[in-house]
Amino acid sequence: MNNWLAIIQDCLYPPTCLLCGDPGGSQLDLCASCAASLPYNTHACQRCGVPWNRGAPVAPLCGQCQKQPPAYDSTQALLIYENPASYLIRALKFNAHYPCARLLGTLMAEQLSGVSDKPEQIIPVPLHAQRYHRRGFNQAIEIACPIARILDIPLNLTCCSRTRNTPPQARLSAKERKNNLKNAFTVTKAPTAEHVAILDDVVTTGSTVDELAKALRKTGVKRIDVWACARA
Ligand SMILES: [Zn+2]
Ligand SMILES: [Zn+2]
């Protein structure tokens with residue numbers, strides 16, 4: 001943004017911390033002390049993003065990924081899904097508080113700007129049409145928009161759809177989640193890219209993004225990264 005435009009915008013709509021209400025940082029709805037309190041996922045499995053337990057020896061891959069690697073190649077999950085990260089995501093998802101998407105997307109873009117090999121397209125995880133109409137928006141798309149703009153990577157919103165309306169995953173075990181999601185996604189138009197990033201708000205066990213990655217692989221996509229706000 002032009003500097004003078006940013007100054008005018010800061011005067012008219014001063015950034016306000018979404019967590020405590022204090023004045024935010026420059027063009028960011030987050031104050032410095034709340035930014036420092038966010039649970040950043042700094043030590044994690046490179047493939048699936050699962051955070052290492054505190055004090056555990058750091059290895060590149062977790063046991064699960066060594067035994068049975070997922071269909072995607074790597075995961076960048078900015079935060080660990082605990083408070084206050086979970087508060088920001090729930091406020092977006094269940095209360096349609098859009099400034100949370102702008103904040104989370106901007107923070108993710110800052111982290112991802114250091115990635116050397118950028119994907120050609122970003123594919124937000126689609127919602128089933130019924131859930132989309134009930135919610136009125138797809139939180140993954142809302143978070144992806146600022147990332148696409150800041151990193152200058154196009155969004156692909158038309159290549160795939162969620163064709164099975166699966167029950168909510170929250171109360172299911174890892175195995176039930178996997179079965180619940182079998183063939184949940186259909187690629188309707190193969191992406192014209194060899195390297196894509198799937199974007200989701202929260203990755204819990206990884207079965208949703210794995211299922212979408214499997215469907216994309218079948219169409220010839222060679223490299224699939226997963227970008228998430230938070231990892232459980
Ligand atoms: Zn704050
Ligand atoms: Zn792993």
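The values are calculated or read from the model by the stated rules, or taken from the named source; none is laboratory data. Quick caveat, the model's predicted, so the values are computed rather than measured. Please note: Cβ atoms are built from the backbone with ideal geometry, for glycine as well, and neighbour counts cover all protein chains shown. In case anyone asks, the SASA skips ligands and DNA or RNA and just uses the protein heavy atoms, side chains included. Shrake-Rupley method; radii C 1.70, N 1.55, O 1.52, S 1.80 Å.
If you find the alpha carbon centre of region 179-231 and of region 11-89, how far apart are they in angstrom?
20
Keeping all protein chains in the complex and leaving out DNA, RNA and ligands, what accessible area do you get for residue 26 with a 1.4 Å probe, in Å² to the nearest 10?
Approximately 100 Å² of residue 26 is accessible to the 1.4 Å probe.
Please give the residues of region 138-178, grouped as numeric ranges, whose backbone N is less than 15 Å from a label point set 7 Å along the Cα-to-Cβ vector of residue 12.
Nothing falls inside the zone, counting backbone N under 15 Å.
Please report, in cubic angstrom per residue, the volume enclosed by the convex hull of the alpha-carbon atoms of region 39-231. It would help to have the intermediate numbers written out before the result.
On the way: hull volume 23.0 nm³, N = 193.
Convex hull of Cα atoms, per residue: 119 Å³.
Would you kindly state the longest site-free stretch of the chain, with sites defined as GluC sites (Glu not before Pro) in a DSSP loop (not H, G, I, E, B) surrounded by at most 13 other Cβ atoms within 10 Å? Could you put the intermediate results ahead of the total?
Numbers: sites that count: 82, 194.
In short, 83-193.
Could you calculate the FRET efficiency of residue 22 with residue 194 from 1/(1 + (r/R0)^6), where r is the beta carbon distance between them and R0 is 41 Å, rounded to 0.05?
Working: r = 45 Å, r/R0 = 1.09.
The formula returns an efficiency of 0.40 here.
May I ask for the Rg/Rh ratio of region 43-103, computed from Cα atoms with Rh as the Kirkwood radius, given to two decimals?
Working: Rg = 14.5 Å, Rh = 13.3 Å.
Ratio of gyration radius to Kirkwood radius: 1.09.
With the full set of protein chains in place, find how many percent of the accessible area of region 126-185 is carbon and sulfur; take the probe as 1.4 Å. Kindly include the intermediate steps, with their values, before the conclusion.
Values: 1830 of 3530 Å².
Carbon-and-sulfur percentage of accessible area, whole number: 52.
Relative to a virtual label point 7 Å from the Cα of residue 217 in the Cα→beta-carbon direction, which members of region 52-94 show backbone nitrogen distances below 17 Å?
62, 64-75
At most 15 other Cβ atoms within 10 Å and a DSSP loop assignment: could you name the chymotrypsin sites (Phe, Trp or Tyr not before Pro) in region 24-72 that fit? Don't skip to the answer; put the middle values down first.
Working: sites: 40, 52, 72; in loops: 52, 72.
Passing sites in region 24-72 are 52.
Expressed in nm to one decimal, what extension gain is obtained for the pair residue 58 and residue 46 from 0.36 nm per residue of sequence separation less their Cα-Cα distance? Each step should come with its number before you reach the end.
Values: separation 12, 0.36 × 12 = 4.32 nm, distance 1.06 nm.
Residue separation times 0.36 nm, minus the Cα-Cα distance, leaves 3.3 nm.
In terms of Cα to Cα distance under 16 Å, which aspartates and glutamates are near enough to residue 118, apart from those fewer than 8 places away along the same chain?
73, 110, 152, 194, 225
So if a site counts as exposed when it's one of the trypsin sites (Lys or Arg not before Pro), its DSSP state isn't H, G, I, E or B, and it has at most 16 other Cβ atoms within 10 Å, what's the longest stretch of the chain without one? If you can, show how the numbers build up before the last one.
Working: sites that count: 54, 164, 171, 182, 189, 218, 222.
Of all site-free stretches, the longest is 55-163.
List the lysines whose Cα sits under 21 Å from the Cα of residue 178, skipping any in the same chain fewer than 8 residues away.
67, 214, 218
Stretched out fully, how many nm does the piece from residue 182 to residue 67 gain, at 0.36 nm a residue minus the Cα gap?
Working: separation 115, 0.36 × 115 = 41.40 nm, distance 2.03 nm.
Between residue 182 and residue 67, full extension yields 39.4 nm more.
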